[in-house]
Amino acid sequence: MKEQNLDEIEKEIDLILDDIKSGGINDNELLKVKNILESSHISKRQSMNYLADRFSFYKLFFGDADKMNSEVFNYLSVGKEDLIKVVEKYLNKESRVVLDYLPNLISEN
């Protein structure tokens, strides 16, 4: 894997977020992400452990296990404008903490 400077990576992330803020996400990209989410959601529902976990989550936190059946529709209803608003509000330089996590390489003795 190519080593990259952490500052360069942060700048690249900022460029991507600035592009989204300026409306640089196109309909095909958004549709592709929605298709991936929907496919993943359907695939996960094949597991009994997943179903049990999600039903208990919705029952515990929302008092209604049936909300699980509409979970994916919340994501599929997100539009470009919604995405731009969220990026502007939450993903800005003023309200973030950057954590540089570098693994401790163990040397062989």
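The values are calculated or read from the model by the stated rules, or taken from the named source; none is laboratory data. A quick note: this is a predicted structure, and the numbers were derived from the prediction, not measured. We place every Cβ from the backbone using ideal geometry, glycine too, and count neighbours over all the protein chains shown.
Among 8, 12, 3, which is the only one that is in a loop (DSSP other than H, G, I, E, B) and either more than 17 Å from the chain's Cα centre (by Cα) or modelled with pLDDT of 95 or more (or both)? So that I can check it myself, show each step before the final result.
Values: 8 fails: in a loop (DSSP other than H, G, I, E, B); 12 fails: in a loop (DSSP other than H, G, I, E, B).
So the residue among 8, 12, 3 that is in a loop (DSSP other than H, G, I, E, B) and either more than 17 Å from the chain's Cα centre (by Cα) or modelled with pLDDT of 95 or more (or both) is 3.
Do we have any residue at all in segment 17-31 that's among the hydrophobic types (A, V, I, L, M, F, W, C) and assigned to a loop (DSSP other than H, G, I, E, B)?
Initially, segment 17-31 is screened for residues among the hydrophobic types (A, V, I, L, M, F, W, C), giving 17, 20, 25, 30-31.
Next, from what is left, pick out any that are assigned to a loop (DSSP other than H, G, I, E, B): 25.
Scanning segment 17-31, I find at least one residue that is among the hydrophobic types (A, V, I, L, M, F, W, C) and assigned to a loop (DSSP other than H, G, I, E, B), so the answer is yes.
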Task: Sole exception among (1) in contact with a helix residue (DSSP H, G or I) (Cβ under 8 Å, 6 or more places away or on another chain); (2) surrounded by 11 or more Cβ atoms within 10 Å (Cβ to Cβ); (3) closer than 30 Å to residue 4 by Cβ for residue 76, by number - done: (3)
Open item on the list: Here is a check on your reading of the model: is residue 65 surrounded by 13 or more Cβ atoms within 10 Å (Cβ to Cβ) and either in contact (Cβ under 8 Å) with a residue 24 or more places away in the chain or not basic (Lys, Arg) (or both)?
Closed with: yes
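In segment 79-107, which residues are of a type in the set (A, V, I, L, M, F, W, C) and in contact with a helix residue (DSSP H, G or I) (Cβ under 9 Å, 6 or more places away or on another chain)? Walk me through how you get there before you give the answer.
Residues of segment 79-107 of a type in the set (A, V, I, L, M, F, W, C): 83-84, 86-87, 91, 97-99, 102, 105-106.
Correct list: 83, 84, 87, 91, 98, 102.
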Open item on the list: Among the listed residues 60, 83, identify the single one that is in contact (Cβ under 8 Å) with a residue 12 or more places away in the chain and outside any loop (DSSP other than H, G, I, E, B).
Closed with: 83
- [ ] Give just the number: which of (1) part of a helix (DSSP H, G or I); (2) modelled with pLDDT under 95 does residue 46 not satisfy?
- [x] (1)
Task: Selection within segment 82-98 - within 18 Å of the chain's Cα centre (by Cα) and either over 30 Å from residue 31 (Cβ atoms) or surrounded by 14 or more Cβ atoms within 10 Å (Cβ to Cβ) (or both) - done: 83, 84, 87, 91, 97, 98
Open item on the list: Among the residues that make up segment 32-42, is at least one of them in contact with a Leu (Cβ under 6 Å, 6 or more places away or on another chain) and charged (D, E, K, R)?
Closed with: yes
Task: Test: residue 51 is among the aliphatic types (A, V, I, L, M), surrounded by 10 or more Cβ atoms within 10 Å (Cβ to Cβ) and without any contact (Cβ under 8 Å) to a residue 60 or more places away in the chain - done: yes
- [ ] Any chance you could count how many residues in segment 29-81 are more than 21 Å from the chain's Cα centre (by Cα) and either within 30 Å of residue 17 (Cα to Cα) or among the polar types (S, T, N, Q) (or both)?
- [x] 4
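Do we find a residue being modelled with pLDDT of 90 or more and closer than 30 Å to residue 103 by Cα anywhere in segment 17-25?
yes
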